[in-house]
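The values are calculated or read from the model by the stated rules, or taken from the named source; none is laboratory data. These numbers were taken from a predicted model, which means no experiment stands behind them. All Cβ positions, even for glycine, are placed from backbone atoms using ideal geometry, and neighbour counts span all protein chains on display.
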Amino acid sequence: MTLPSPDPDFVPLETTVQQLLKAADLLVDHDYIMPGVMLVYCTIDTLAWLSLPDGREDVHAPDFVQWVRQYGLESRINPCSAEELYGARCGLLHSYSSDSKRSREGKVRPIFYIGGSAGRKVLQDEIDKRGITGVALHIADLREGLDASIHRFREDIRADQALRARVVRRSANLFGRVGPIFRLTREGPRR
């Protein structure tokens with residue numbers, strides 16, 4: 001992924017998104033699927049935070065769901081809903097499982113993931129055959145859908161001056177704006 005915007009105001013945003021998604025892809029490519037999916041959810045959380053209205057600094061479930069819907073990710077992960085994606089995010093990040101408070105309460109179906117050349121339907125058929133409540137999601141649909149959603153988010157940033165101002169202001173806090181990361185070793189700081 002290359003940085004599409006030469007605008008210096010967006011370098012922190014583009015660097016952050018690029019780092020998160022390259023790391024997610026690297027993990028998935030090396031069969032560390034769930035840690036890669038965790039970084040995809042982290043990316044969505046970050047983008048939802050950037051788009052929050054002024055006066056709000058904490059992302060909550062409705063903000064995540066709204067971002068997923070507004071930027072078209074929900075339609076790209078169909079039949080999973082934005083609420084189910086949020087429930088899956090919570091289950092994975094909080095307990096490294098498909099179970100979340102929302103799925104245990106019956107508010108959403110848990111999401112089960114499939115990758116590789118097999119289609120989503122292969123896993124969904126197995127879920128249904130076993131009588132499990134759940135919905136299958138292909139990792140590629142999630143990842144490609146997120147790319148398309150990020151593209152739409154960029155378009156909105158360029159078209160909406162208030163959103164642009166919020167994103168630029170909040171981007172100043174992203175780790176992507178920081179130059180070299182210093183690592184502490186027994187010998188002292190190291191670059």
Practice task
Take I111 and decide whether it is touching a residue at least 40 places away in the same chain (Cβ under 8 Å), under 20 Å from V28 (Cβ atoms), in contact with a helix residue (DSSP H, G or I) (Cβ under 8 Å, 6 or more places away or on another chain) and β-branched (V, I, T).
Solution key: no
Fill in the blank from the handout: Pairs returned, first residue in the stretch 15-26 that is under 17 Å from G145 (Cβ atoms), second residue that is of a type in the set (S, T, N, Q), beta-carbon separation under 9 angstrom, 6 or more apart or interchain, are V17/T43; V17/T46; L20/T43; L20/T46; L21/T43; A24/T43
Problem - Filter result (free of Cβ contacts under 8 Å to residues at least 40 places away in the same chain and more than 14 Å from R154 (Cα to Cα)) within the stretch 43-62 - result: G55, R56, E57, D58, V59, H60, A61, P62
Problem - Subset of the stretch 123-174 [in a helix (DSSP H, G or I) and of a type in the set (D, E)] - result: D125, E126, D128, D141, E144, D147, E155, D156
Handout entry: Residue list for the stretch 53-77, filter: of a type in the set (K, R) and in contact with a Leu (Cβ under 7 Å, 6 or more places away or on another chain)
Key = none
Practice task
Would you point out which residue out of S149, S171 is closer than 21 Å to Q19 by Cβ, of a type outside the set (D, E, K, R), at pLDDT below 95 and crowded, with 19+ Cβ neighbours inside 10 Å?
Solution key: S171
Practice task
Can you give me the ranges of the helices (runs of 4 or more DSSP H) entirely in the stretch 1-111 with at least 1 residues that are surrounded by 19 or more Cβ atoms within 10 Å (Cβ to Cβ) and among the β-branched types (V, I, T)?
Solution key: 11-29, 33-50, 61-70
Fill in the blank from the handout: When the stretch 152-168 is checked residue by residue, the ones that are in contact with a Leu (Cβ under 9 Å, 6 or more places away or on another chain) and either of a type in the set (F, W, Y) or exposed (fewer than 13 other Cβ atoms within 10 Å of the Cβ) (or both) are F153
